[in-house]
1. Going by the alpha-carbon gyration tensor, a ≥ b ≥ c the square roots of its eigenvalues, is the chain rounded (a/c under 1.5) or, if a/c is not under 1.5, prolate (a/b greater than b/c) versus oblate?
2. Kindly write out, for segment 74-91 in residue order, the coupling ³J(HN,Hα) from the Karplus curve 6.51 cos²θ - 1.76 cosθ + 1.60 (θ = phi - 60°), rounded to whole Hz, with x marking Gly and Pro.
3. Given R₀ = 60 Å, what would the calculated FRET efficiency be for Asp623 paired with Lys274, taking r from the Cβ atoms and rounding to 0.05?
4. Which ³J(HN,Hα) values in Hz, rounded to whole numbers, follow from the phi angles of segment 628-641 under the Karplus curve 6.51 cos²θ - 1.76 cosθ + 1.60, where θ = phi - 60° and Gly and Pro get x?
5. How big is the convex hull of the Cα atoms of segment 582-633, per residue, in Å³?
6. For the residues Met75, Met396, what sequence is obtained by ranking on other C-beta atoms within 10 Å, fewest first?
7. Dipole size in debye (nearest 20) for the chain around its Cα centre, Lys and Arg Cβ +1, Asp and Glu Cβ -1?
8. Taking amide H positions as placed 1.01 Å from N in the peptide plane, with prolines and chain starts having none, which residues 5 or more places from Thr441, or on another chain, fall under 5 Å of its amide H?
Amino acid sequence: MDREIVSNIKSLGIDMIDMANSGHPGIVLGAANIIYTVYAKHMNVNPNDPLWENRDRFVLSAGHGSALLYATLYMAGFNLTIDDLKQFRHIHSKTPGHPEFGITEGVDMSTGPLGQGIASAVGMALAGKILNKKYELPKKSKLGKEQSLFDYHVYVLCGDGDLMEGVSYEATSLAGSLKLNNLIVLYDSNNVSLDGRTENVFDENVIDRFKALNWNTILVKNNSISSIDKAIEEAKKSDKPTLIEVKTIIGEGSINENTNKVHGSPLDKDDINKLKLKLKIDPTEFYVNLEAKENFTKQISERSNKKYELFHKLVNDLNYHKENIKLDLSDLEFDSNLVESLRVSNGKVMKEIAKRIPNFIGGSADLGSSTKAVLSNNLDNFTGDNINFGVREHAMGSVLNGLALSGFNCFGSTFLVFSDYLKPAIRLSALMNLPVTYIFTHDSINIGQDGPTHQPIEQLISLRSIPNMTVFRPADIKEIIGCWEYIINNQKPSCLVLSRNEVEVNHLTNHKLVANGGYIVRKEQQLHAIIIATGSEVELSIKIADYLYENYKVDIRVVSMPSRELFLKQSKEYQESILPKGYRTFVVEAGSKYGWESFVYNEKYLITLDRFGYSGTKDEVLDEMEFSYEQIIKKIIDSLK
């Protein structure tokens with residue numbers, strides 16, 4: 001019956017691509033044996049409870065093969081219909097062009113940007129190991145042996161493109177160092193990419209590469225179900241993560257098999273008819289062998305049901321429940337005369353959060369000593385809450401996504417200028433709406449002597465431009481507290497941007513008002529103008545406003561805007577109460593002007609930075625960039641004249 005099921009998966013996938021006139025038939029025909037073997041012979045899943053916490057995870061890192069995944073999920077009994085398959089690649093369907101988490105039951109993450117799937121799977125596997133340790137059962141449990149509530153595997157189907165992308169190397173290097181033996185990657189090795197044969201661009205020995213990364217490796221030469229099955233059984237016994245390289249033929253059975261012609265273009269009608277004859281399957285479009293479908297679902301249920309039932313019995317016995325904690329940091333004490341770097345203040349707040357929220361976890365890309373985003377207990381044998389990612393910004397973001405998909409509130413930290421390294425993962429955090437917090441320090445040119453390579457200019461606006469991402473740039477420790485209350489209580493992707501230089505605590509900042517995005521921190525007696533500022537520029541702007549009032553009787557309101565996104569979500573009435581129309585409004589921020597234009601009447605009121613910095617002392621750089629205290633005062637006075 002294995003052959004009949006695989007043939008039906010192939011024919012459904014080809015029919016989906018043909019009806020949509022769009023898709024990738026090569027992987028459908030070449031890798032069907034791989035995905036079928038994983039689901040039929042190994043995956044512990046429950047199609048009726050697709051988010052079961054201890055299910056095995058499957059990540060289609062080669063996300064262009066979505067038709068293969070949807071056909072498999074349908075045949076395996078997940079909540080998809082033939083009509084859903086017919087709507088492949090149509091708007092609002094349950095079968096989008098690349099797999100999307102939250103759209104299709106059975107899809108464990110959104111994939112498509114090559115390398116991101118395999119990298120995030122490392123985070124899922126790490127989460128599994130942490131949960132395994134956290135929920136170990138008593139040695140004298142009813143099972144009569146040592147066991148944990150969590151013991152799932154993570155399976156990945158990847159292709160050449162995933163392994164060419166650099167993020168996969170970073171992540172698999174980390175997986176090897178951590179010995180994540182619950183991670184099994186099946187490599188669809190067909191020597192063909194979209195533009196042609198891979199021999200001229202990707203001729204390395206992948207097996208040797210993964211051996212060097214401290215992985216267990218297995219080569220399957222004949223792409224048979226029995227060989228793949230045997231390889232997975234062997235992989236489960238290893239104390240390392242395993243790469244199974246399966247030699248396949250892209251587009252197997254098509255007249256264009258083993259060429260790039262079959263990679264990303266639908267087959268013609270004649271090719272489809274001949275292919276179905278070879279598969280010995282009814283040529284009717286979207287034909288389903290009901291006996292084969294029933295056999296497939298039976299294989300899964302007979303293996304998985306006992307484990308599913310045992311899990312829920314143990315959940316009841318142990319009174320286990322998902323964490324659903326609301327964060328209130330109102331009682332957090334600090335010196336009102338505190339003068340401190342915001343990165344240091346943030347580190348203190350984070351340690352307090354870790355005490356109150358058990359699933360709070362994260363780390364730094366080898367910059368914890370600089371970003372100060374470090375929790376107390378380093379991850380050791382999968383216990384602890386602070387992860388050392390090494391110098392791997394690309395992978396860190398992807399691993400965080402995997403952790404968040406597994407139920408963790410997580411964070412990662414590096415310098416703001418290096419946020420560009422994480423952009424693909426940040427985008428996926430926002431796309432999947434995951435509770436990942438990216439902490440970026442060293443947020444302006446005032447870091448001075450590190451020079452323009454380390455001085456961010458365009459990064460803030462780049463982050464703010466990402467849909468569904470909330471960017472915070474707090475002014476002091478009180479606003480940091482407000483940022484974290486919003487982040488944890490709203491469970492959404494966020495960026496927290498922090499200064500390295502020291503700031504004072506302002507008596508008018510309010511952690512509860514951070515949720516409004518912007519509010520008044522210097523109230524005028526008679527309003528003449530307004531300054532909008534963020535981060536450490538808030539303190540600077542208040543001092544400038546005080547100076548102008550004392551020396552020129554110009555009374556300026558200062559608005560702290562820790563989150564532009566949240567402010568723009570407020571009612572028009574609230575926005576106009578903070579920024580009334582008819583008054584000259586300045587923006588003071590150590591970053592690009594883009595996005596601030598709508599807040600001012602004339603671009604001359606934008607006191608921002610739109611060119612690269614210099615290497616020099618802090619004061620030298622600020623002066624050269626016309627962003628010193630004295631120069632900003634002069635710009636405001638000249639504009640008010």
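Just so you know, all these numbers are worked out from the coordinates, no wet-lab data involved. Just so you know, these numbers come straight off a predicted model, no measurement behind them. As a convention, Cβ positions derive from the backbone with ideal geometry for all residues, glycine included, and neighbour counts pool all protein chains shown.
1. Working: a/c = 2.30, a/b = 1.89, b/c = 1.22.
The shape class here is prolate.
2. 4, 5, 7, x, 6, 6, 10, 10, 4, 4, 4, 5, 5, 8, 3, 6, 9, 4
3. Working: r = 75 Å, r/R0 = 1.24.
Efficiency at R0 = 60 Å is approximately 0.20.
4. For segment 628-641, the Karplus curve yields 7, 3, 5, 5, 5, 4, 4, 4, 5, 4, 4, 6, 6, 4 Hz.
5. Working: hull volume 3.7 nm³, N = 52.
That works out to 71 Å³ per residue.
6. Working: Met75 25, Met396 31.
In order of increasing Cβ crowding within 10 Å: Met75, Met396.
7. 1320
8. Long-range HN contacts for Thr441: Thr414, Phe415, Leu416, Leu498.
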